[in-house]
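All remarks here apply to the structure that follows.
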Amino acid sequence: MNTARFALLPREGLFCKNGRGWYTSDVGRSHSHEWPPPSTVLGALRAAWGQTLLARRGAGASLDWEWETRDIAVRKLLTLWRPMGEASFGPDSRLWPVPADVLRVQGESQRLLPRPLSSDVGTLGSRDDEALDGLWVPSLPKAKPETGPSFWTDAMMRQWLRGEPPKGPAAPDPVRRNDIHVTLNSKSQTAEPGMLYQSEVLETLGSRSDDALPVGEWALGVECSVPDAAKAFPSGLLGLGGKRRLTSTEPVTASLFAPPPDLPASSPGLRLILATPAFFQRGWLPDGLVCESHEGRPAWVGTLPGVDGEVVLRAAMVPRPLELSTWDMVARAPRATRRLVPAGATYFFEKRDGSGFTSLEKLWLAAWGTPPEAGPHEGLGLVLPGHWNPREVRT
């Protein structure tokens with residue numbers, strides 16, 4: 001197996017349909033993801049590798065798609081942006097999803113610091129769950145939250161992981177456009193019923209017109225495993241997302257995926273932020289945790305990949321789930337829609353024995369969660385480790 005690192009640069013926008021179904025006949029609009037999910041990237045790479053194998057074998061050749069493309073796996077996945085005309089992507093080109101432990105109020109980013117609740121305060125839910133009731137929750141500001149940006153720059157995220165307020169120029173926001181589609185009846189020369197609709201396309205060249213930022217281009221940074229026969233893969237253009245929109249490739253270096261040098265080396269508590277959506281067996285609850293008694297009350301306790309010793313889940317700030325619907329090329333049918341924990345979700349942990357966390361750089365972009373259906377790794381559940389002091393009592 002080899003490791004390939006490259007950037008995918010969509011040249012004509014992206015349309016990545018979400019799992020809400022085609023409502024074209026009712027409201028004339030289809031819904032798309034805010035940003036391409038990792039599964040879209042994996043599907044595009046497997047399709048490109050399959051097409052490469054078919055081209056090598058000549059006209060009329062066949063392919064066992066599921067088996068012969070199984071070795072393609074996405075290990076790391078980044079969102080990239082650079083001003084138009086810049087020659088290459090570097091660590092400063094990385095953009096990260098805004099973490100869930102920050103709230104934008106009155107134009108400022110406010111930190112949400114989890115605090116323990118009184119033992120007689122419960123939560124409302126469909127079932128009683130004492131471990132859930134025991135999770136810490138933040139105090140919310142007394143003002144209406146505002147809609148914040150979708151991404152932070154690399155510098156802002158590094159500051160946040162160190163426990164500092166994010167400062168510096170704002171990150172660009174993606175631009176979206178609506179494409180109108182129509183199917184004409186050849187006899188009547190009118191639109192077919194239900195076939196006049198619009199789709200929301202993510203524009204990958206440019207930024208919002210009211211931004212002071214220069215015109216830029218968006219890309220996806222990919223580190224993936226490829227079979228030995230796939231040297232110099234991918235080459236040329238490939239199709240990405242709905243309608244297989246043309247995407248060019250560009251080689252990148254390993255430093256693009258490396259942890260930053262100013263990442264905290266240790267921390268009394270651990271704050272994990274999802275850089276990509278994650279799939280957990282029990283919904284929002286990370287795998288490897290079980291309900292046990294801790295400090296005299298039920299708590300979620302267990303182990304984490306890359307962390308020595310047992311940990312206790314203290315808080316979880318998880319936005320609404322991401323509905324993901326993918327396409328099975330072999331069966332020529334849609335797969336069952338999955339619910340993922342969205343990127344930006346933030347979890348807080350303490351060591352069960354009270355000791356601190358060390359070697360945080362080992363957790364940089366480490367994979368967390370279970371690959372669904374035991375298939376190739378899709379790049380789901382990549383985490384960013386950050387500093388957290390559980391004994392901190394003031395924001």
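The values are calculated or read from the model by the stated rules, or taken from the named source; none is laboratory data. On a predicted model such as this, the values are computed, not experimentally measured, just so you know. Note that each Cβ is placed from the backbone with ideal geometry, even for glycine, and that neighbours are counted across all protein chains shown. Only protein heavy atoms, including side chains, enter the accessible area calculation; ligands, DNA and RNA are left aside. Shrake-Rupley method; radii C 1.70, N 1.55, O 1.52, S 1.80 Å.
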Scattering profile of the range 206-338 from the Debye formula, Cα beads only, expressed as log10 I(q)/I(0) at q = 0.13, 0.16, 0.22 Å⁻¹, is -1.01, -1.26, -1.40
Of S266, S32, S293, which has the largest mean-square fluctuation in a 10 Å C-alpha GNM of the chain?
S293
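Over the range 177-261, what portion of Cα pair distances is larger than 20 Å, expressed as a whole percent?
Details: 2194 of 3570 pairs.
Result for the distance tail: 61 percent.
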As a Kirkwood estimate from alpha-carbon pairs, the chain has a hydrodynamic radius in angstrom of 22.8
Accessible area of D92, 1.4 Å probe, to the nearest 10 Å²?
130
So, taking all protein chains as they sit and a 1.4 Å probe, how much accessible area belongs to I180, in Å² rounded to tens?
120
Candidates E200, E323, E295: whichever shows maximal mean-square fluctuation once the chain is modelled as a Gaussian network with Cα springs under 10 Å
E295
Which of rounded, prolate or oblate describes the range 211-254 when judged by the alpha-carbon gyration tensor and an a/c cut-off of 1.5?
oblate
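What full-extension length gain, to one decimal in nm, is calculated for L54 and R176 as 0.36 nm per residue of separation minus the Cα-Cα distance? Display every interim value, and only then the final one.
On the way: separation 122, 0.36 × 122 = 43.92 nm, distance 3.51 nm.
Between L54 and R176, full extension yields an extra 40.4 nm.
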Area accessible to solvent at M317, 1.4 Å probe radius, in Å²
20
Quote the FRET efficiency, to the nearest 0.05, computed for E130 versus R320 with a Förster distance R0 of 30 Å and r equal to the Cβ-Cβ distance.
0.75
Compute the distance in nm between two label points, each set 7 Å from the Cα along the Cα-to-Cβ direction, one at L196 and one at C291.
5.4
In nm, give the distance between the simple-model label positions of S186 and H377, each being 7 Å from the Cα along the Cα-to-Cβ direction.
5.0
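Of W65, W388, W284, W300, which has the most accessible area with a 1.4 Å probe, and how do the rest follow in descending order?
W284, W65, W300, W388
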What distance in nm separates the simple spin-label points at A87 and W284, each placed 7 Å from Cα in the Cβ direction?
4.8
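Roughly how many debye, to the nearest 20, is the charge dipole of the chain about its Cα centre, given +1 on each Lys and Arg Cβ, -1 on each Asp and Glu Cβ, and no other charges?
Values: 44 positive and 44 negative charges, 121 e Å.
For the chain, the charge dipole is close to 580 debye.
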Helix-derived mean residue ellipticity, 222 nm - over the chain, DSSP H n ≥ 4, -39500 (n - 2.57), to 500:
-2500 deg cm²/dmol
In Å and from the alpha-carbon atoms only, list the Rg and Dmax of the range 36-143.
24.0, 71
